[in-house]
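J.: Mind looking over this structure? Questions follow.
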Amino acid sequence: MRTIKQALTTLVSAGFLVATGGALAQETPTTAPAGVKIVEAKEVVELQKQGAVLVDTRKASEYSDATIKGAISVPYDPEKSAKDANFDPAQDKFDLARLADKNASIVAFCNSGTCWKSYKAAVVLAKNGYKNVYWYRNGFPDWKARKLPTE
């Protein structure tokens, strides 16, 4: 009886992990949305040297813990929209007023390919007429792993 109970508990736990794990770790698209270019760390360094604005779309608390040196905090709050390329930006919060220059080069980043905040921010920027939008899909963990400047 005990072995059956343990087996059922393991099976139920495994099923729960599979069911929730897939939703929690859902990858962002590997291709850039319309009007956006995907960039790697090396390109981000060059863009920043040329005056690009690096936008940390993570929560303000994550930004205050550590970020890419020189980045600004403009959190993307995915309130209710789906983790899907066809999300509805009207369900979310993102303060475009913090990024007034639509001609500036803007690099959006967050916490890697499973973080939808920078993807969604890049989509919203492009749809709102920003002309030079870049998405650093690998985000802050990649930057940190490469030992690039943080603050």
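What follows draws every value from the coordinates through simple rules; no lab data is involved. Because the structure is predicted, anything quoted here is derived from the model rather than measured. Virtual Cβ from ideal backbone geometry, glycine too; neighbours counted across all protein chains shown.
J.: Distance cut-off 27 Å, Cα to Cα: go down the list K42/K80; K42/K117; K49/K102; K83/K147; K37/K117; K42/K120 and report the pairs above it.
T.: Working: K42/K80 33 Å; K42/K117 21 Å; K49/K102 19 Å; K83/K147 30 Å; K37/K117 16 Å; K42/K120 22 Å.
Long pairs (Cα-Cα over 27 Å): K42/K80; K83/K147.
J.: Kindly state, to the nearest 0.05, the FRET efficiency for A97 paired with K147, given R0 = 25 Å and r defined as their beta-carbon distance.
T.: The formula returns an efficiency of 0.15 here.
J.: Taking +1 at the Cβ of each Lys and Arg and -1 at the Cβ of each Asp and Glu, which of A82, G70, Y119 sits farthest along the dipole of segment 27-145 towards its positive end, judged by Cα position relative to the Cα centre?
T.: G70
J.: While we're here: How about K59: which aspartates and glutamates have a C-alpha closer than 16 Å to its C-alpha, ignoring those fewer than 8 places off in the same chain?
T.: Cross-link targets: D77, E79, D92, D95, E151.
J.: Starting with the highest mean, order 117-128, 78-89 by the number of other Cβ atoms within 10 Å, averaged over the residues of each peptide. Spell out each step's value before the answer.
T.: On the way: 117-128: 23.2, 78-89: 13.4.
Averaged packing, sorted descending, gives the order 117-128, 78-89.
J.: Just for segment 27-145, what percent of DSSP beta bridges are antiparallel, to the closest 5?
T.: Values: 1 of 15 bridges.
Bridges in segment 27-145 are about 5 percent antiparallel.
J.: Rounded to the nearest 20 Debye, what is the dipole magnitude of segment 15-151 about its Cα centre when Lys and Arg each give +1 and Asp and Glu each give -1 at the C-beta? Before the final figure, lay out the partial values.
T.: Values: 19 positive and 16 negative charges, 49 e Å.
Taking the Cα centre of segment 15-151 as origin, the dipole is about 240 debye.
J.: Return the long-range amide H neighbours of L54 (sequence gap of 5 or more, or a different chain), with a cut-off of under 5 Å between placed amide H atoms.
T.: Here I72, V107 satisfy the definition.
J.: Still on this model: Answer rounded, prolate or oblate for segment 27-145, using the Cα gyration tensor with square roots of eigenvalues a ≥ b ≥ c: rounded when a/c is under 1.5, else prolate when a/b is larger than b/c, else oblate. Can you show the working numbers first?
T.: Values: a/c = 1.31, a/b = 1.17, b/c = 1.12.
Taking the square roots of the gyration eigenvalues as a ≥ b ≥ c, segment 27-145 is rounded.
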